[in-house]
Amino acid sequence: MIDLTRYDPVWAAAEPYMRARKNDVHVPLSFDWCVTLLEHYPKADVDICLLAILLHDIGWHSIDHGEIVSQGFRSENYLQSDVRCLHEAEGVRMGTEILQDLGWSATTIDAVCEIIDGHDTRPDPHHLNDRIVRDADKLWRFEVTGMGIASEWFGKNPHEYADRLESAILPKLETDYAKTLAADALVSSRRRLKLHVL
């Protein structure tokens, strides 16, 4: 059983940076998905994965919301956009400051920041910890809440976005367990959102 209370000081320190881009919803949901994945993959490092998922998107706080949507979600090559790279770099900077202030070791900070730096833009993961964080970052989108928020980012209705999740996102998940979780969540979300008729 993971003691999640040990991360409460990190949540408190990161909270001021979580209002951008609905990260105050995205990050807690992704954190829970990360816990689920960690329970299935015991060889992963719990601290590194949970700190990385908790801090991975705080860098969006430094970017104008209009630019986040127009460049980070609706541009032709959005995954390689300047704002995507900037939010990763800012996440590394801000995450380093938070973890240093809270007394985490330099080794842990380096491992966490290695994941944050490139979590959206790097084509391939480096290791199991990286794979788990990448999957947790995407799994929340398969929930009703995630579909509602992310479909707006991408300028799609929920039906269109569910189809995109199935065709473009689910196959790119890194772990087999995440693919199973995503497929199950997508079936449930489609049913709950009445996408067979809407």
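A few notes on this one:
- Near pairs, Cβ below 8 angstrom, 6+ apart or cross-chain, from the range 116-132 (under 19 Å from Asp176 (Cβ atoms) and polar (S, T, N, Q)) to any residue that is modelled with pLDDT of 90 or more and in a helix (DSSP H, G or I): Asn129/Ile48; Asn129/Cys49; Asn129/Ala52; Asn129/Ala111; Asn129/Ile115
- Residue in the range 68-88 that is in contact with a helix residue (DSSP H, G or I) (Cβ under 6 Å, 6 or more places away or on another chain), at pLDDT 95 or above, surrounded by 18 or more Cβ atoms within 10 Å (Cβ to Cβ) and outside any loop (DSSP other than H, G, I, E, B) present: no
- Some residue of the range 163-176 being touching a residue at least 60 places away in the same chain (Cβ under 8 Å) and within 27 Å of Pro16 (Cβ to Cβ): no
- Whenever a residue of the range 185-198 is under 12 Å from Thr145 (Cα atoms), its partners that are of a type in the set (Asp, Glu) and part of a loop (DSSP other than H, G, I, E, B), lying with C-beta atoms within less than 6 angstrom and at least six residues away or across chains, give the pairs Ala185/Glu143.
- Residues satisfying the stated conditions in the range 10-53, i.e. modelled with pLDDT under 95 and basic (Lys, Arg): Arg19, Arg21, Lys22
- Test: Ala182 is free of Cβ contacts under 8 Å to residues at least 60 places away in the same chain, over 27 Å from Ile48 (Cβ atoms) and under 17 Å from the mean Cα position of the chain (by Cα): no
- Top-ranked residue of the range 127-169 - restricted to ones that are of a type in the set (Gly, Ala, Ser) and within 13 Å of His26 (Cβ to Cβ), ranked as surrounded by the most Cβ atoms within 10 Å (Cβ to Cβ): Ala136
- Residue match in the range 143-154 (condition: among the β-branched types (Val, Ile, Thr), in contact with a Pro (Cβ under 9 Å, 6 or more places away or on another chain) and at pLDDT 95 or above): yes
The values are calculated or read from the model by the stated rules, or taken from the named source; none is laboratory data. Because the structure is a prediction, the values reported are computed rather than measured. Don't worry about glycine lacking a Cβ; one is built from the backbone with ideal geometry, like all the others, and counts go over all protein chains shown.
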